[in-house]
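Worksheet for the structure shown next.
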Amino acid sequence: MTSIIVCSGPHDGHVSPMLGVARRLIARGHRVRFLTGPAYQEAVQAVGAEFVPLGAGAAHAPEASSAKGIAAVREGVRLLVIDPARGQFEALQAAIDAEPTDLVLAEVTFVGAGTLSGLPLEDRPPVIACGIMPLTLSSVDCAPFGFGLAPGRGPAARLRNRTLNWLVENVLLRDSNRQVEAIMRDLTGVGLDGLFVLDWPRRADLIAQFTVPEFEYPRSDAPENLRFFGPTARHVPTSQPKPEWWGDLDGSRPVVYVTQGTVSNTDFTALVVPTLEALEQEDVTVVVSTGRRPLSDLPPLPANARAAEFLPDAELLPKVAVYVTNGGYGGLHYAMESGVPIVVAGDTEDKPEGAARVAWAGAGINLGTGRPKPAAIREAVQKVLGDGRYQAGSGRIGAAIAASPGVDGLIDELELLVRT
């Protein structure tokens, strides 16, 4: 039996896809220890994995940041990388020392695994970096992660990309990079050795990106260890009870589905409320998921709106004509898997990058803000409903997702890696 450690920072959007990987590993006969914060112990044990707690400074999620653009990347590096680095690495190394370990799988913000990957392979188990968000790797073909800019074409775009990458690495995030370098060197004697902090997956033994190439910017300088496996969770029917109004989704009117996910859903005035206002006079049915927050947090609903705390996406999305979202990576893939065009409004954390890819891939419209006006939402929804190209773009990516190897394809590669 292969012994695997799965690592995730204590954040819903990070733990969830890694639990999907752990579940399939266990189903394939592997032993899994799952390293994360104590808030997720029950969820870890529910999939059959052994819970291992993170160390001091890494065990609890920080408060969500409202920073935007490159400031959001700088803040994200501090909160997700610098502050928890020592507690991540020490807990991971202790788990490896406690008993034989064949593999380490870690989501890309888990820099404790990045620290481990700097050691020679004979001194550590293989490390797999799991891409649970848009690819962070810097490239001459792409603007830096966090800018929310499409790659562009031609020499002028490449010059822009090189200039912005130099600015980020040598000015805007120089101090952050130095702090990570110092922590790594203190822990193992090996630092980044010239790598930019967001590029640490380059020295992992495998980069498992949880999307398809059709939804990621092409990079002529992509590392040889990069593989695309598609999203970790595919739509499956659920036994969750449907709301009493489910029969209203009878195809008589287009359905517009709006949600702010399960993390950035404490302020519905950001997207849900303006969407309700934007579409209350339109000949559509608006469906709202609160992401398990109480329905009482919503304002009174217009006559054409329905709401629930949770909705079975696998059964809902085939009925949906437009998906309105703040751009969570998992939600975007759920929509595209069903070929649903997207209107996306997100400007914090990694959401600008996902939003930019939606527009670049032709799967929908990026509103370019996390707090759009009702008029902008109405115009975008009308445009998506009236122009079949967006549905075709989403469907093209959905077909690629259906053809992708998924988590089982990743496990095939991991088993080969262990054997060799």
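Highlighted here are the helices (runs of 4 or more DSSP H) found entirely within segment 30-108 that include at least 3 residues which are in contact with a helix residue (DSSP H, G or I) (Cβ under 9 Å, 6 or more places away or on another chain) and modelled with pLDDT under 90: 69-76. Within segment 271-317, the set of residues being surrounded by fewer than 16 Cβ atoms within 10 Å (Cβ to Cβ), acidic (Asp, Glu) and not in a helix (DSSP H, G or I) comprises Asp283, Glu309. Taken over segment 110-133, the residue count meeting the criterion of being part of a loop (DSSP other than H, G, I, E, B), buried (at least 24 other Cβ atoms within 10 Å of the Cβ) and either of a type outside the set (A, V, I, L, M) or at pLDDT below 90 (or both) is 1. What about Ile397, is it touching an Asp or Glu at 6+ places or on another chain (Cβ under 7 Å) and part of a helix (DSSP H, G or I)? Yes, satisfied. Hey, does segment 235-248 have a residue that's within 29 Å of Ser139 (Cα to Cα) and either assigned by TED's automatic domain parsing to the domain that holds Leu317 or in a loop (DSSP other than H, G, I, E, B) (or both)? No, because not a single residue in segment 235-248 is within 29 Å of Ser139 (Cα to Cα) and either assigned by TED's automatic domain parsing to the domain that holds Leu317 or in a loop (DSSP other than H, G, I, E, B) (or both).
Run down Phe89, Phe34 and say which single residue is touching a residue at least 60 places away in the same chain (Cβ under 8 Å) and surrounded by 18 or more Cβ atoms within 10 Å (Cβ to Cβ). Result of the check over Phe89, Phe34: Phe89. Per this entry, Ala356 is counted among residues that are in contact (Cβ under 8 Å) with a residue 12 or more places away in the chain and out of contact with any His (no Cβ under 9 Å at 6 or more places or on another chain). Within segment 203-213, at least one residue is outside the structural domain of Leu367 (by TED's automatic domain parsing), small (Gly, Ala, Ser) and within 19 Å of Glu353 (Cα to Cα).
Residue-wise test of (1) touching a helix residue (DSSP H, G or I) at 6+ places or on another chain (Cβ under 6 Å); (2) surrounded by 15 or more Cβ atoms within 10 Å (Cβ to Cβ); (3) at pLDDT 95 or above.
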{"site": "Arg158", "(1), (2), (3)": "no, yes, no"}
{"site": "Val168", "(1), (2), (3)": "no, yes, no"}
{"site": "Arg174", "(1), (2), (3)": "no, no, no"}
{"site": "Thr211", "(1), (2), (3)": "no, yes, yes"}
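When Leu332 is tested against (1) surrounded by 23 or more Cβ atoms within 10 Å (Cβ to Cβ); (2) assigned to a strand (DSSP E or B), just one condition goes unmet, and that condition is (2). Within segment 281-304, how many residues are under 17 Å from Ala270 (Cβ atoms) and among the acidic types (Asp, Glu)? Total meeting the criteria: 1. Beta carbons closer than 7 Å, at least 6 apart along the sequence or on distinct chains, pair a first residue in segment 45-60 that is within 12 Å of Cys7 (Cβ to Cβ) with a second that is of a type outside the set (Gly, Ala, Ser) and part of a loop (DSSP other than H, G, I, E, B) for Leu54/Pro10; Ala58/Pro84.
In the set (1) under 16 Å from Val381 (Cβ atoms); (2) within 21 Å of the chain's Cα centre (by Cα); (3) modelled with pLDDT of 95 or more, the condition left unmet by Arg357 is number (1). Of the residues making up segment 287-310, those that are under 25 Å from Ala233 (Cβ atoms) and touching a helix residue (DSSP H, G or I) at 6+ places or on another chain (Cβ under 9 Å) are Val287, Val288, Ser289, Thr290, Arg306, Ala307, Ala308, Glu309.
The values are calculated or read from the model by the stated rules, or taken from the named source; none is laboratory data. As the structure is a prediction and not an experimental result, all values here were calculated from the model. Don't worry about glycine lacking a Cβ; one is built from the backbone with ideal geometry, like all the others, and counts go over all protein chains shown.
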